[in-house]
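Accompanying notes for the structure given below.
The values are calculated or read from the model by the stated rules, or taken from the named source; none is laboratory data. Remember, it's a predicted structure, so these values are computed and weren't measured experimentally. Here the Cβ is made from the backbone with ideal geometry for all residues, glycine too, and neighbour counts use every protein chain on show.
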Protein chains: 2
Amino acid sequence: MTRGRPREFDPDTALDHALAVFERDGFEATSVQSLADAMGICKPSLYAAYGNKEALFIAALHRYAATCDARRAALLDAESDGRRAVEAMLTDTVRAYTDCNSAGGCLIVSQTAGASLDTRSDAMRDALAAAMNDGRAALHARLQRARGDGDLLGDTDVDVLMAYFATVMAGLSVLARNGETREALTAVVTTAMRAWPLPDRQISAS
Amino acid sequence: MTRGRPREFDPDTALDHALAVFERDGFEATSVQSLADAMGICKPSLYAAYGNKEALFIAALHRYAATCDARRAALLDAESDGRRAVEAMLTDTVRAYTDCNSAGGCLIVSQTAGASLDTRSDAMRDALAAAMNDGRAALHARLQRARGDGDLLGDTDVDVLMAYFATVMAGLSVLARNGETREALTAVVTTAMRAWPLPDRQISAS
DNA sequence: AGCGTTATATACTGAGTGGTATACATACCG
DNA sequence: CGGTATGTATACCACTCAGTATATAACGCT
């Protein structure tokens, strides 16, 4: 049913290549030409397939966020104990942030942290904010479940605890991008988990 | 002794204006023209006084870092208890990051987090890394003193604890830039301080 | 085959970039 | 006063940017 000349590239793999460039250089410092080169296509094909640079970024962001969210949700569900679940997620986050193949850190964090408020379009800001929120939603739900399960001190404010772990994750991203080693960041995670509000009946967790 | 026409602007105030622009828009998205406008001078004066855009950024960065470091050092020294000293510093950090007059967050963190590895010059990377390290030095020293004072559990690894607080501070910067309120971030600080390794003899700290 | 449709490739446009040449203004020193 | 040294202002340069017009190539359908 598809008439006309068929596309010579796979839009999803091309998006992955674009993502890598955005991750390494950031949105502002990335040129459309370098994107086209990395994607193995020429600029008109890029514009035809994705619209423009910003739309391409948002598409890549969605793809990235979906992958991250799925992985996190799986990890949070795998452990029955809330504290262990969160620690597993943080440890996996460190692994991802210090992956040699990537530029270090999280795309969403990097782009949120590192640039203009006015310069940026509304669509861009909304997409970043939405990605940030979606990422936190699973964590928030898991913390609430932990509270229900008695894995948390009774009067714990789940919103605050979620903001705390969001802070730690954002910080890990920054330090990873700054070249900190996986071992150092794993130790940071262990320290960060000391803030977990254990219920009274427990003395400590290994 | 100074011959020739005198300068019509104060280099330090001009630097402060430049800093504000860099903080708001980031290095890459800031144009030299917008800097000159904000500084109230014209481009040739800017180039004559500071060299080029990058040198101007580094000068502004030094000024910013010096201010931050001085303030932090003072706060860390003001409290005799190590835990309280660090908490005071973090609380003040939140206050600074959520100051309405600023763009939110820390310039060093924003610039470290949000951009290119290859695109950036060596001088830029070095300046950012140095600023980051200097900022941590005072904290590291304070933690070591706390350990000597018995404010820390005996076998605490000071390097790890410093990396942890650096992570929290970087995360606070990201969340502040993302528009989180001062109250929310203050609550995060309280939570973060739960990770402080209290010595055995103490039960808890208020 | 021939037609309509869609993808690719080259080459281009207008705007904006960092940086500067040139002309002029204002100071100190003799 | 003149001479020299410095700061300021306008206008410009070469370059890169995001985005596109135009021409051609490869498909399905009739």
Kindly indicate which of B:D92, B:D25, B:D77, B:D37 is within 16 Å of DNA strand C (Cβ to nearest atom) and modelled with pLDDT of 95 or more.
-> B:D37
Whichever residue in region B:102-116 is surrounded by fewer than 24 Cβ atoms within 10 Å (Cβ to Cβ) and at the interface with chain A (Cβ under 7 Å from one of its Cβ atoms) and, among such residues, is farthest from A:V109 (Cα to Cα) | B:A103
Mind checking which residues of region B:171-181 are more than 8 Å from every other protein chain (Cβ to nearest Cβ) and either among the hydrophobic types (A, V, I, L, M, F, W, C) or part of a helix (DSSP H, G or I) (or both)?
-> B:A176
Residue among A:A166, A:A123, A:A141 that alone is part of a helix (DSSP H, G or I) and under 13 Å from the mean Cα position of the chain (by Cα) = A:A166
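Yes or no: A:L152 part of a helix (DSSP H, G or I) and under 22 Å from A:L76 (Cα atoms)?
Spelling it out, it is not the case that A:L152 is part of a helix (DSSP H, G or I) and under 22 Å from A:L76 (Cα atoms).
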Unique match (being without any contact (Cβ under 8 Å) to a residue 40 or more places away in the chain and either facing chain B (nearest Cβ under 10 Å) or in a loop (DSSP other than H, G, I, E, B) (or both)) among A:A192, A:A184 = A:A184
How do the pairs read when you match residues in region B:4-19 that are touching a residue at least 12 places away in the same chain (Cβ under 8 Å) with residues anywhere that are assigned to a helix (DSSP H, G or I) and away from DNA strand C (no atom under 16 Å from the Cβ), using Cβ under 6 Å and keeping only pairs 6 or more apart or on different chains?
-> B:L15/B:R63; B:L19/B:Y64
Could you look through region B:11-55, keep only residues that are in a loop (DSSP other than H, G, I, E, B) and near DNA strand D (Cβ under 10 Å from one of its atoms), and pick out the one that is surrounded by the most Cβ atoms within 10 Å (Cβ to Cβ)?
-> B:I41
Somewhere in region A:140-159, is a residue facing another protein chain (nearest Cβ under 7 Å) and in contact (Cβ under 8 Å) with a residue 24 or more places away in the chain?
-> no
Answer yes if at least one residue in region A:104-115 is farther than 22 Å from B:R177 by Cα, out of contact with any strand residue (DSSP E or B) (no Cβ under 6 Å at 6 or more places or on another chain) and not in a loop (DSSP other than H, G, I, E, B), and no otherwise.
-> no
